[in-house]
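Novice: Would you mind keeping the following structure in view while I ask a few things?
What follows is calculated from the coordinates using simple rules that are stated; it is not laboratory data. Note that the coordinates shown come from a computational prediction; the quantities given were computed from them, not determined experimentally. So basically every Cβ, Gly included, is an ideal-geometry build from the backbone, and we count neighbours across all protein chains shown.
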Amino acid sequence: MQFLKILFWSLMAFVAAVFTFGNWTNVTIQLFGGLVAEVNLPLLLLATFLLGFLPTLIYQHWIRFRLRQRLTAAERAMESALAAARGPDTSSPVIAPASDPLAPPTASGTL
């Protein structure tokens, strides 16, 4: 599987390089105030791609972070609810405090 990933990204890099060399032309952009900028076409396409991709990527990471936090909180609440429903932990034996060996025996009321 790792080989296929490397092959895919290598192919994408090759296609991007061929596109870049084939379209290495200057594009004039009219800016505000009568300014004119000349930018290479591949650089302009990369900038517009990143302008659309980065906010989407940041939003997606933020949503995943919030969902992970909500899942962790829900798991904690579920564990505490299950622990409260089970009652006290009866898996370990309760050891009664030892009686004082020097104290006189008490009458238990049975004969």
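Novice: I'd like the residue in the range 1-17 that is within 17 Å of PHE49 (Cβ to Cβ) and of a type in the set (A, V, I, L, M) and, out of all such residues, is surrounded by the most Cβ atoms within 10 Å (Cβ to Cβ).
Specialist: Checked the range 1-17; the qualifying residue surrounded by the most Cβ atoms within 10 Å (Cβ to Cβ) is ALA16.
Novice: Applying the selection to the range 23-47, what residues are surrounded by 10 or more Cβ atoms within 10 Å (Cβ to Cβ) and in a helix (DSSP H, G or I)?
Specialist: LEU41, PRO42, LEU43, LEU44, LEU45, LEU46, ALA47
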